[in-house]
Amino acid sequence: TSVLMPPSTSFVAAGPTPPPSSRRVAVIGAGASGLVAARELRREGHRVVVFERGAAAGGTWVYTPAAESDPLSVDPRREIVHTSLYDSLRTNLPRECMSFIDYPFSSCLSPAGGDPRRFPVHSEVLRYLQDFARDFDLYGLVRFQTKVERVERDRDGRWQVRSKRTGDPGEQSEVFDGVVVCNGHYSEPRIADIPGIHTWPGKQFHSHNYRVPEPFTDKVVVIIGNSASAFDISREIARYAREVHISSRSEPDEPSRKQPAYDNMWLHSTIAGTHKDGTVVFKDGSCIHVDVIMHCSGYKYDFPFLETNNIVTVDDNRVGPLYKHIFPPLLAPSLAFIGLPWKVAPFPLFELQSKWVAGVLSGRIAHPTVKEMMDDVKAWYSEIKAAGWPKRYTHNLSNNQFPYNNWLAEQCGHPPVEEWRQLMYVATSKNRIARPENYRDEWDDGHLIPLAEEDFQKFLG
Ligand code: FAD
């Protein structure tokens, strides 16, 4: 699309740039974004500590069959499970496209016992990320099983980070020059508001706690949402359940449609209400007796540890104000967020964001004035409004990810991102619509694979 292009402001330092300086930087999280941030920060000469509350690197890709004790994830006393993966998950992007720019996720590198397919299972992605951590010697930077409890600025403008190691009685407090937040945004569920739900007697889940389809055998299931998780989970459950009814915000209030290739799955408009007798009534007029409602309604950005005196807020899933989805103007460059954009190919985007943050933090790359950054943020908000997008789409980049990535690359003196990445991303999005049931195994963009492999050769020396 031509709307919603990120403003193309480019900032050049006035006068000679001072020599880059090394900062002490805390990175929160050792998922894909925290790992690549750690690598880039260290490459820039910063001293890095990565805090990771889990026991392994890889973030959301560290699968566990365990789900949270509250299947809806609303009980504040519940034990948090970070991952939202389900057992059968295969990637929804081809591996070439997922790959970091300079660290190939190539099928020819998959070891025996791995999954060499183009859209591999989740364990293959975890292996890739853990290989990345090993090959760039990042493990020594990570403090595992150490949860960041609190991040706040002290009087000198440095950051106090309080953390707690599992099993230790007390917290540890340390001071850093910079904090890079990489805590992921697929762990804190968003739940749709449904009239009558509090007295509806059925069972409710959020997709965050979905792992396997067997418990849904012979049930009548309503799936709320129609994006990536809803797409996969509805199809998987339909093989076991008696009936699956998908409720989608984008469906008109017209009679429900049977899904092609299924005799037990229907697409409906939104839910009008739920009732004590167990029925669910859709705005399309249909009324169904339902056993389970599965909320595939997405996630909230959540930074429970961060205290910024309201300089950074989350409002209807808009984290702001953030210059280029990364720096809060009033706290730049000492506070940065990596990984907020969605509807993107995440890993290469995280890599470019991290390179920029590392360079800006050292002073090698100039950052604009607070006013310039605020103006840029406001311009972005105006474009979103003009396009009729809700606030919660602030970090939805879709096709804007390509100019965004290239803007970041330019700031860093990095060549533009290879064209095959954009072509492959777009081809995959189209293929997902054209072949919803088998886009992971049949495609028309095979001619782009050799271009990716050729590009990867540069990094396989
Ligand atoms: P995460 O991977 O979530 O990592 C965040 C880390 O921060 C975690 O390890 C967590 O333990 C840690 N943490 C959080 N809070 C604290 C704290 N207070 N203290 C210390 N540590 C903390 N992307 C693709 O490219 N292809 C796909 O096919 C794909 N499929 C997906 C399917 C699902 C179901 C989901 C949920 C996501 C999918 N993604 C996919 C997107 C995926 O989220 C990104 O690929 C990427 O893994 C995000 O990395 P991250 O580092 O930003 O966050």
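Across the chain, C-alpha contacts under 8 Å between residues 6 or more apart give a mean separation that, scaled by the residue count, equals a relative contact order of 19 percent. The trypsin sites (Lys or Arg not before Pro) of the stretch 109-174 that DSSP puts in a loop, and whose beta carbon has at most 12 other beta carbons within 10 Å, are 155. The charge dipole of the stretch 32-135, taken about its Cα centre with unit charges on the Cβ of Lys, Arg, Asp and Glu (plus for the first two, minus for the last two), comes to roughly 220 debye. Helix 346-362 and the long axis of the chain differ in direction by around 30°, with both axes built from C-alpha atoms. Against the main long axis of the alpha-carbon atoms of the chain, helix 370-386 sits at an angle near 20°.
Net charge in the neighbourhood of residue 154 (other residues with Cβ under 13 Å of its Cβ; Lys, Arg +1, Asp, Glu -1) is 0.
In a fully extended conformation the segment linking residue 80 and residue 22 would gain 17.4 nm over its present Cα-Cα distance, using 0.36 nm per residue.
Ignoring lysines fewer than eight residues from residue 378 along the same chain, the ones with Cα atoms less than 17 angstrom from its Cα are 324, 391. Since only 262, 322, 414 are under comparison, the one whose Cα sits farthest along the positive direction of the charge dipole of the chain, derived from C-beta charges on Lys, Arg, Asp and Glu, is 322. With Cα atoms defining each centre, the stretch 158-229 and the stretch 343-420 are spaced 26 Å apart in the structure.
For the stretch 98-140, backbone nitrogen atoms closer than 11 Å to the point 7 Å from residue 453 Cα along Cα-to-C-beta are found at 107-109.
Its DSSP H runs of at least 4 residues, each contributing -39,500 (n - 2.57), put the calculated 222 nm mean residue ellipticity of the chain at -7500 deg cm²/dmol, to the nearest 500. For the stretch 291-422, the square roots of the Cα gyration tensor eigenvalues, ordered a ≥ b ≥ c, give a/c of at least 1.5 with a/b no greater than b/c, which places it in the oblate category. Assuming a ≥ b ≥ c are the square roots of the Cα gyration tensor eigenvalues, decide whether the stretch 22-117 counts as rounded (a/c under 1.5), prolate (otherwise, with a/b larger than b/c) or oblate. It comes out oblate by the Cα gyration axes.
Any idea which of 436, 347, 46 is furthest toward the positive side of the dipole for the chain, if Lys and Arg beta-carbons carry +1 and Asp and Glu beta-carbons -1? Of 436, 347, 46, it is 46. Out of every Cα-Cα pair that the stretch 356-447 contains, those further apart than 22 angstrom amount to 51 percent.
Think of each Lys and Arg Cβ as +1 and each Asp and Glu Cβ as -1; about the Cα centre, that makes the dipole of the chain roughly 720 debye. Bridge orientation summary for the chain: considering DSSP beta bridges with both residues in this region, about 45 percent are antiparallel. Principal-axis analysis of the Cα atoms of the chain puts helix 419-434 at an angle of about 10° to the longest axis. The tail of the calculated P(r) for the chain, taken as Cα-Cα distances beyond 42 Å, holds 17 percent of the pairs.
Each value in this text was obtained by applying a stated rule to the coordinates, not by laboratory testing. Being a predicted model, the structure only gives us computed values, none of them experimental. Cβ atoms come from the backbone with ideal geometry, glycine included; neighbour counts cover every protein chain shown.
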